[in-house]
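I have placed the structure first, in the form of structure tokens, so that the comments after it can refer back to it.
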2 protein chains.
Amino acid sequence: MDTLGATFAALSDPTRRLIVDRLTRGPAPVSELARPFAMSQQAISKHVAYLERAHLIQKRRAGRQHLCALNPAALRAVALWAESYRRVWEKNFQRLDALLEEMKTSKKRRRITRRASQ
Amino acid sequence: MDTLGATFAALSDPTRRLIVDRLTRGPAPVSELARPFAMSQQAISKHVAYLERAHLIQKRRAGRQHLCALNPAALRAVALWAESYRRVWEKNFQRLDALLEEMKTSKKRRRITRRASQ
DNA sequence: CGTATCCACAACCGTATGGTTGTATATTTT
DNA sequence: AAAATATACAACCATACGGTTGTGGATACG
């Protein structure tokens, strides 16, 4: 998968988003990341590996512990992607919202239009 | 899956991101969304359904055509999520970057430290 | 009418995900 | 040296993904 796609995929899981959330408050060993979850250590280990593959975090051995830290670059890539689109939507926002509203009421509007044109 | 997770999952596929990209330039029927891809109509139909399940797009029947339009709210949710984290990272950015740099060179630093301390 | 067009549903296939359990490895502790 | 701790690897399972082919249902066209 492409890099951005891997990042999105990694963030699609709620457990992994909670891990990311925890790491915004500073690095932590895997055991501490696992603590809040009712899940095996191995499951968390796999989630961490997934986040690492997506370059969202980096690990470092410190004795027996494997300290994890966020990689801000990957998160920034997501923010930049979303931001780049947000500029476009904000510009067309009223137009799109109006269109969606029209879609919802299109049947009624058509009926009215037909009646009005007779 | 939770809503935000579904949105991230939908955006993890490059084909679907290209479809979203196309739709930022205005609504389009499924056939037009399918045109750029070397893929069956049914495959695109499934991608569109996936995007619709994630509330990233809305569809409207217009004769034989099914017109698709972006739902700005879902995209905005992604932008807001990423933005909320960005504030945290930006604040800690130098600190985190420094930490990651230290992680990369930790072995060397340890060796030097050990040698220096002898 | 019949036919072509736009689209979705269904079944299938290979692969990945998210979890489990069991086990192995490296390190610290005693 | 032995035991405990922190973590990963491997095999397994059910489910979902991303694609295919085949088919059917609306709608427009001649």
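The values are calculated or read from the model by the stated rules, or taken from the named source; none is laboratory data. On a predicted model such as this, the values are computed, not experimentally measured, just so you know. Every residue, glycine among them, receives a Cβ derived from its backbone with ideal geometry; neighbour counts consider all protein chains shown. The area values use the complete protein model at the heavy-atom level, side chains included, leaving out ligands, DNA and RNA. Shrake-Rupley method; radii C 1.70, N 1.55, O 1.52, S 1.80 Å.
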> Name the residues of the range B:31-74 whose accessible area, probed at 1.4 Å, falls by at least 10 Å² once all protein chains are in place instead of their chain on its own?
Replying inline: B:Gln58, B:Arg60, B:Arg61, B:Ala69, B:Leu70, B:Pro72
> Largest first, what is the accessible-area ranking of A:Met1, A:Met39 with a 1.4 Å probe?
Replying inline: A:Met1, A:Met39
> Copy-to-copy spacing for A:Asp21, label 7 Å out on the Cα-to-C-beta vector, in nm, shortest first?
Replying inline: 3.2
>> Using a 7 Å offset from Cα along the direction of the beta-carbon, what are the separations from B:Ser40 to the same position in each other copy, nm, ascending?
In response: 3.7
>> I'd like the accessible area for A:Asp2, computed on protein heavy atoms only with a 1.4 Å probe and all protein chains in place. Round to 10 Å², please.
In response: 50 Å²
> When each copy gets a label point 7 Å from Cα toward the beta-carbon at B:Thr3, what are the spacings between them in nm, shortest first?
Replying inline: 3.2
> Looking at the square roots a ≥ b ≥ c of the eigenvalues of the Cα gyration tensor of the range B:1-71, which shape do they give, rounded for a/c under 1.5, prolate if a/b is larger than b/c, or oblate?
Replying inline: prolate
> Any idea how far apart A:Ala73 and B:Arg61 come out in nm if each label point goes 7 Å out from Cα toward Cβ?
Replying inline: 5.1 nm
>> To the nearest hundred square angstrom, how large is the accessible surface buried between A and B, total for both chains, probe 1.4 angstrom?
In response: 3800 Å²
> Looking at the range B:1-21, which residues lose a minimum of 50 Å² of accessible area between their chain alone and all protein chains in place, measuring with a 1.4 Å probe and not counting ligands or nucleic acids?
Replying inline: B:Phe8, B:Ser12, B:Arg17
> Got a sec to turn the phi values of the range B:31-44 into Karplus ³J(HN,Hα) couplings, 6.51 cos²θ - 1.76 cosθ + 1.60 with θ = phi - 60°, whole Hz, x for Gly and Pro?
Replying inline: 4, 6, 5, 6, 3, x, 9, 8, 7, 5, 4, 5, 4, 4
> Around B:Ala54, which amide H atoms from residues at least 5 apart in sequence, or from another chain, sit under 5 Å from its own amide H, with H modelled in the peptide plane?
Replying inline: none
